[in-house]
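Quick notes on the structure that follows.
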Amino acid sequence: MTVVNLSFAACGFLGIYHLGAVGAFLRHGGKLLGSLRACAGASAGALVAAVMLTAPDKIKHCKEFTYDFAKDVRKQKFGALTPGYSIMLKLREGIEEMLPTDAHILASDRLHVSLTRFGSGKNHIVSQFNSREDLIRALLASSFVPIYAGFQPVEFRGQKWMDGGFTDSLPILPVGRTITVAPFASHQDVCPSHQGREFETQLRLANMNIAFSVENLKRLNQALFPPSTAGMESLCQEGFDDAMRFLKRESWTS
């Protein structure tokens with residue numbers, strides 16, 4: 001079988017969709033996992049990829065954290081933009097909970113994190129991590145959205161960085177086949193299938209094609225302003241179902 005990679009799109013709180021997809025891969029995608037070389041991602045996609053590679057047994061815990069995180073943001077008067085609320089601090093607490101002590105060793109050469117250099121706007125993919133803290137800072141840097149997440153960019157290896165989704169939302173790795181996962185209706189390998197004439201128009205956003213549709217516009221908003229817990233659970237189930245459909249289509253179920 002061809003060597004494969006998984007790439008998870010930047011998508012904020014819609015990362016819960018990715019967690020649903022990962023649940024399907026881990027439970028039913030033995031043939032895929034047997035050929036898996038690496039995982040890539042930006043922002044929430046990088047976070048999910050990191051957990052999948054270093055702590056797959058924490059996926060359920062990661063889902064519960066995401067539901068609680070979204071609930072906490074919804075409670076704020078202006079969501080994540082509420083003065084005094086630090087979404088990055090909450091995110092760091094979650095990463096600390098999920099990643100094992102040897103996460104940087106497990107992730108090196110297998111996890112590819114998309115970053116955007118603050119100021120120049122140039123993309124950078126990092127796949128070597130010197131320590132657990134080095135890995136955590138890379139993940140935080142890839143998730144930092146200016147203003148929404150604060151005003152001070154994340155420092156990583158002496159430079160300032162911001163969300164990798166601004167410049168490469170869905171990294172394609174050079175070796176092997178890269179299977180793409182996105183919570184937006186599009187032409188990715190694993191994605192929702194929304195129908196309608198408006199689906200015919202495609203938008204190109206930071207190296208990712210998504211269909212121009214009312215549903216996708218709604219989801220772009222939900223990435224920053226999460227829906228109810230029931231809505232989050234529905235997105236998670238959708239990710240699971242879409243991943244299962246992909247596995248069956250490729251005859252990779254086990």
Computed over the Cα atoms, what is the radius of gyration of the range 29-68 divided by 2.2 N^0.38 Å, N being its residue count?
1.25
Give the label of the value calculated from the structure for P(r) over Cα pairs in 5 Å bins from 0, in percent, choosing from [x] 1, 7, 14, 19, 21, 18, 12, 5, 2, 0, 0; [y] 1, 4, 7, 8, 9, 8, 8, 8, 8, 9, 8, 7, 6, 4, 2, 1, 1, 0; [z] 1, 6, 12, 15, 17, 15, 14, 10, 7, 3, 1, 0, 0.
[x]
Based on C-alpha coordinates, I'd like the Rg and Dmax of the range 77-168, in Å.
13.3, 41
Mean separation of Cα contacts under 8 Å (at least 6 apart) over the residue count of the chain, i.e. the relative contact order in percent, is 30
Would you please put 44-51, 161-168, 94-101 in order of how densely packed they are, using the mean number of other Cβ atoms within 10 angstrom per residue and starting with the highest?
44-51, 161-168, 94-101
Magnitude of the Cβ-charge dipole (Lys and Arg +1, Asp and Glu -1) of the range 1-137 about the Cα centre, nearest 20 debye, reported as 400
Using the Karplus curve 6.51 cos²θ - 1.76 cosθ + 1.60 with θ = phi - 60°, work out ³J(HN,Hα) for each residue of the range 142-153 in order, rounded to whole Hz, and write x for Gly and Pro.
5, 9, 7, 9, x, 6, 4, 9, x, 10, 9, x
Assuming 0.36 nm per residue, please report the length gained on full extension of the stretch Arg27 to Lys75 beyond their Cα-Cα distance.
13.9 nm
Calculated FRET efficiency, Arg157 and Lys90, Cβ-Cβ r, R0 22 Å, to nearest 0.05?
0.40
If you average over every viewing direction, what projected area does the convex hull of the Cα atoms of the range 156-254 give, in nm²?
8.9
The range 103-254, dipole about Cα centre (Lys/Arg Cβ +1, Asp/Glu Cβ -1), debye to the nearest 20:
320
Which chymotrypsin sites (Phe, Trp or Tyr not before Pro) from the range 58-90 combine a DSSP loop assignment with at most 15 other Cβ atoms within 10 Å?
Phe78
Reachable lysines, given that their alpha-carbon falls under 20 Å from the alpha-carbon of Lys31 and they are not under 8 places away in the same chain
Lys248
Just to be sure I follow the definition: excluding the sites themselves, where is the longest run in the chain that has none of the trypsin sites (Lys or Arg not before Pro) in a DSSP loop with at most 14 other Cβ atoms within 10 Å?
158-254
What distance in nm separates the two pseudo spin-label positions at His187 and Lys122, each 7 Å out from Cα along the beta-carbon direction?
3.1
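Rule-based calculations on the coordinates, nothing more; no lab input. Everything numeric here is computed off the predicted structure, so don't read it as measured data. Cβ coordinates were reconstructed from backbone atoms using ideal geometry, including for glycine residues, and neighbour counts include every protein chain displayed.
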